[in-house]
Every structure is written in structure tokens, then in C-alpha cells.
Amino acid sequence: MQVGLTDWNAVAGPVRLRGMRVYLVLTILPIAATLATGSVAILSWQRRTVPGARAFSFFAASLYVWCFFSVFEYLSQDTFARILFGKLQYFGISTFAVFWLAFTLQYTHQDSWLTRRNWVLSLVLPGLSLIFSLLAPRLGLIWRSVEAVRGPVLTLSIEHGWWFNWVMVPYNYLLFSLGIGLLLQASFANSRLYRQQTLFLLAAGLFPFLFNVIYVVADVTFYGMDLTPIGMAVSSVMVMFGLFQTRLFELSPIPYRTVFLSTAEAVILLDRYQQIVDLNPSAEQTCRQANPIGQPLEQVFPEYSQCLQMTAAARVITVADAASEYREVKVRPLTSPAGQPVGTVLIVRDVTLEQRQQRQLERDAYLDSLTGVFNRRQFQQSAEQALQYSRQQGTPLALLFVDLNNFKPINDTYGHAAGDSVLRHVADCLQASIRAGDGVARMGGDEFVLLLQTDRIGATRMCDRITERLQSPVIIDQRSIDVEVSIGVACYPTDGTSVESLLAVADQAMYRQKQARRR
């Protein structure tokens, strides 16, 4: 590829200009580009905590180096100095595309590619290009030949080598095009603010890219001047405008795709035919097939297919699987901007812990936390229901009031932990003594109540059974503790027709038995 002095008269027409004056005027452009790219690099670095800002700062710094040495190249009228400054530009030329791609990957939240290994690999070719341009000029890989051309001003006629034409330039163009593609993809799939920022960045990236193509491919120069810094000046102005207009590198919107992939809930996207078109990693973890895309929902997630049969616009259902794990499934219809149905989204949330906590709360509402039997509140409800049933059916009902004897000395002698163990032992014995349909409740302290579907004879037998079960002492911390109880009995309807009256009669009977034991 031959890059040399382009006759201004052939480009702009037969207009005679004073060469040196025009050349000095044109030099203002790379100077402006140098100031602009340097400012952008500093402003981006100040916002380096925002995703992509650090890499963009390095990208702008590479452009700054390129523009900085290009100014000295254009102003130099010595052949050696002009060649030296031309080669020093490769510190920026060889690295800018790598930093551009790194920036676009970070900005679009696709930076999983940016591992240390990939970073090193991406810098291998730029590093070789820099070495060939500075340390191996005789090989002719970057500049095959250089010739000074005297005219109104000194310019260089450069013939580039095969490394420049077939490795360095294609590599830079490839990385830059990949970055442009990532920004284009992001511009169609995200919020309004994100689209505005992305369009500014696209324009800022395309200007120097197109100007460089004009210089490298079309061999167009102005008095030997590379047009790329002119594009850099324009793009830098656009970036600085974007910094203030769209709060670029100050507000970093999160792409919708990132939210989709990162959410803890399983998200499944279906088309109109209930086939899976996409799902996030959380959904993949519970997937039964290796390649679920394109498969019907009922084959991959049969437990969720029932949700689609519901007709509500926003549907929520709780699904339990064989492992007793619960999942809440929300179903939302998807429509196009014109309001046409295009598919369905399923959002699945694991609610196993919530379900277990809810059940525990429900248990705590009617069970005694220490012994596991009914509490006083639940006993009251159960007794009212049992009493109503006995009235309607004419069946007997007995209430037993159980109180531990000498329980306070147990607490005082062995401690409250031992007392709690005794209460649990008594509750277990009472539970083991009753039949299905009967109930045991702890009224508080060391008082228990039994509700039995039986007559007085059956209640008396129950008292004997309980006394027999409690004859064996309780072993706590290798200590034997004797447990005795007093039991009062009240029967419906002979002793009372309400829960309160039956409790009062049973309590009095228990108290009389306790007094008799003390004599």
C-alpha cells in the first residue's frame, strides 16, 4: 500500500494556495484533537468507578498519544525528526483498538471475556507491532520504505510493509468493529438514557474509524497529514458533550439483559406456542433437559405448565414438588408495542423457607412452644366445637384437669431446665394416653387439660392410665425425679353445659384430690 503526498490541486481543484500557510492552518486540527482527547481521558478517569470509564480513559489516552506525536511530526521540517515522531505515534496506534473493545465489553456488561489470560493475548499483536515499528525498522514490516518529499513543506512518502497491511490494520479494524457491534446491540435493547449514551459513543467511535479508513484504504491526505486526528477531534467533542448532556460515565444504566441474567428468580420466556425461547441461569439450574430452547414448556417444566391454563392477566400459583420445596410462579403475558400478544414470561421464586416459616407461625398460634401440645387459646376453640358436637349428637364429653404435685420444689432443687424437661415428659405421657379425636392442652405453668369423647367411666379409666404411665421416675442428667399429678374430672352434661363450668368443676375436683394427698 502506497501512502504519499496528495496533490492538493487534484483534490480541491485548480486553486492555488500558499502551501506553508495552509499547512500551518491544518496543523490546528491535530492540536485541537490532542487537547480534546487529553481532556476526555482526564474526565473519564475521574469517573473511573463507573463500569467502562477506566477502559475508555485508556482508550482516550491512546488517542492522545497518537495526536500528540502527530503534531510534532507535522511541524517538523527535519526528515529524521519527522520519522521519529511518526513512529512514536505507534504507542497509541497499536493499542487504542484493544482499549476500545475492553471499554465496550465493560459498558455493555459483557465483561466476562476480560480475564487476565485474554488481556495478555489481546496485547500480543499490538506489542509486536510496537516492537517492529521502533526496534526492527530494517525488517520493513511496518514501514517498508520512507522517502522525504520536498514541496511547499516537507512530507513523507511511506510504503507500508506486510505486517501493517495484513496484520496490524485488520486486527485493529476487527477489534474496533466488534466494539461498534456491541454498542449497536446495546442501543436496541435498553432504556432511553442508555440508548442516548450509546448513540453518542457510537458516533464518537465511528468518526476516527471512518477517517482512518479514508487515510489507510483510500490514500487520501492533506499535505501528508493523516486525517484520523481530525476525526478524533470531532469524536472527543461529542464525548465531552455526552458527558454533560446524557451524564455519560456518571449514570451507568444497567442493560435489561444483565438484569435478566443476574436475577435470583428463575425467568422463562415463551413464545405464543408455549415453547421456550430463552431462560436465565437460575432457570437452567432446575432444568431437566440439556437443550431446553425450542422445547415445549410442559416437557421441560411440567410442574409449571398448569399455570398457563389460568385465564387471569397476572397469575400467581404456588407449586410443591416431591422434595417438599415450594415455588411461587408468576405468569405475565408479553405484548408488542402495538398490543399484539407475542408470548409469555414465567417468573419462578423459591418460597420454601417462607412456607416453612408460615407453617411454624401457624403452629405457634395454636401449640404450646415448650411441650408441643395445644395452648390455652386452641383448647378454648376445640372445647367449644366438641361441646357443640356433643349437644347436637347427644354424645358424652369429659374434661380432665391435670396438675403436677410439688412442681415448685423441682424447679428450686434442680433448676428450671429440669422443670421444663419434666413438663415435656408429662405432656408426652398425656399424648400417649389419649385416643384419636381426643386432645391435650397446656393451660399454663404445670396445668394441663384433656378433652375426651367419653363418659365418666371412660374418664376414670383414663385417670388410672395416666397415673400408671407417670409412676416411672424421670431421669434428667443422671438424676431420678418422681412425678405425681392430681386429676379432676368433669362430665357433660351432668357437671356443666359450658366450657367454663366444666373447667371450674374439674379444677375443684383436682384441688380436692390434691388436698387429700397432703393429709
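The values are calculated or read from the model by the stated rules, or taken from the named source; none is laboratory data. Here the structure is a predicted model, which means the values were calculated and not measured. A quick note on method: Cβ atoms are made from the backbone with ideal geometry, for glycine too, and the neighbour counts reach across all protein chains shown. These area figures cover heavy atoms from the full protein model, side chains too; ligands, DNA and RNA do not enter into them. Shrake-Rupley method; radii C 1.70, N 1.55, O 1.52, S 1.80 Å.
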Across every pair of different alpha-carbon atoms, what Kirkwood hydrodynamic radius in Å does the stretch 402-519 reach?
-> 14.9
Average accessible area per residue (Å²) across the stretch 430-503 - probe 1.4 Å, nucleic acids and ligands excluded | 50
Modelled FRET efficiency - R0 22 Å, LEU210 with ILE28, Cβ distances, 0.05 increments | 0.60
Obtain the nm distance between the two label points defined at THR79 and ASN165 by a simple spin-label model: each point lies 7 Å from its Cα along the Cα-to-C-beta direction.
-> 2.3
Separation between the LEU184 and GLN393 pseudo-spin-labels, each 7 Å from Cα along Cα→Cβ, expressed in nm?
-> 7.9
Pairwise FRET efficiency - ASP428 versus ASP278, Cβ, R0 = 45 Å, nearest 0.05 = 0.25
Solvent-accessible ranking of TYR74, TYR171, largest area first, probe 1.4 Å | TYR171, TYR74
Which residues does a label at SER498 reach in the stretch 381-415, if reach means a backbone N under 20 Å from a point 7 Å past the Cα toward the Cβ?
-> 381-392, 397-401
Computed FRET efficiency, Cβ-Cβ of ILE131 and ASP350, R0 45 Å: what is it to the nearest 0.05?
-> 0.25
Over all Cα pairs of the stretch 429-497, the Kirkwood radius sets Rh, and Rg/Rh then becomes 1.01
Would you kindly find the accessible area of THR286, with a 1.4 Å probe and non-protein molecules such as ligands, DNA and RNA excluded, rounding to the nearest 10 Å²?
-> 50
Difference of contour (0.36 nm per residue) and Cα-Cα distance, GLU384 to ARG359 = 6.6 nm
Judged on accessible area alone, 1.4 Å probe, highest first, SER262, SER70 line up as SER262, SER70
